[in-house]
Amino acid sequence: MDKKTCECCKKGFTPRPTVRNQRYCSTPECQKERKRRWQAHKLADDNDYMENQAAAQRAWCAKNSGYWKEYRKKHPNYAERNRIKQRERNQKRRPPPEVVIAKMDESIPRNIIVSGRYRLVPLCNGQIAKMDEFIVEIGVISRHCGAPLTAGP
C-alpha cells in the first residue's frame, strides 16, 4: 500500500486498509487534532449538533457549578493566562483609533453641531431607511460645557 502524508504532522504513514481516505496518522496528537478539526467543522455546519453540544455544556455546568472557580484557585497560572488572553480579545474588539466615541467627560470642548435645520433619517442594518424621516431644528444653547450661562434678551 502507498504511503500518505499526515495532514497534521506532515510525516509519512501507511494508511490502514479499513479506513477509507485516511488523512491522519495514528499518533495520539494527530488523532486529537483530527477530532478537533472535525468538531469545529461540525459546529460550524450542523445546527442540531451545535445545539446539542450547547445543551450538554449547560447541563454539565449546572451539575458542576463550582468547578471553574476551584480550578482557577488551584491553577493560578491558568487564571493569569486567561486574563491576558481576554485582554487581547478585548483589544481586538475595540474600534480603531480613528473611530470617534462620544464621552460625557471629554476634556476638549468642541462645538461640532451648528445651529440649523437637519433631516434625521434612521439607519437599519447599515442601510438608510427612507421612511420615517424627520426635519428638526437644532439650536446651540451653549458654546462651551461648563461656561456660565448668560441672561437672555
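Laboratory data are not the source of any read-out in this text; all were calculated from the coordinates shown. All values reported here derive from a predicted model rather than from experimental measurement. Neighbour counts run over all protein chains shown; Cβ positions are idealised from the backbone, glycine included.
Amide H to amide H distances under 5 Å link CYS8 with CYS25, where only residues 5 or more positions off or on other chains count and H is placed in the peptide plane.
Using the crude model of +1 on Lys and Arg Cβ and -1 on Asp and Glu Cβ, and no other charge, please compute the dipole size for the stretch 1-63 relative to its Cα centre, in debye to 20. Write down the numbers at each step before the final one.
Numbers: 15 positive and 8 negative charges, 74 e Å.
In total the dipole reaches around 360 debye.
Let me know the shape class of the stretch 1-61, please: from the alpha-carbon gyration tensor, a ≥ b ≥ c as square roots of the eigenvalues, rounded when a/c is under 1.5, otherwise prolate if a/b is greater than b/c, or oblate. Don't skip to the answer; put the middle values down first.
On the way: a/c = 3.22, a/b = 2.56, b/c = 1.26.
It comes out prolate by the Cα gyration axes.
Bridgeable lysines around LYS11 (alpha carbons under 21 Å apart, same-chain partners fewer than 8 residues away excluded): LYS3, LYS32, LYS35. For the stretch 1-89, the set of trypsin sites (Lys or Arg not before Pro) satisfying both a DSSP loop assignment and a count of at most 13 other C-beta atoms within 10 Å is given as LYS3, LYS10, LYS11, ARG20.
May I ask you to compute the full-extension gain from ARG16 to TRP60, defined as 0.36 nm times their residue separation minus their alpha-carbon distance, rounded to one decimal in nm?
Going from the current span to full extension adds 12.2 nm.
Only lysines eight or more places from LYS73 in sequence, or on another chain, were considered; those with a Cα closer than 22 Å are LYS63, LYS85. Between ILE141 and ARG81, the contour length at 0.36 nm per residue exceeds the Cα-Cα span by 16.6 nm.
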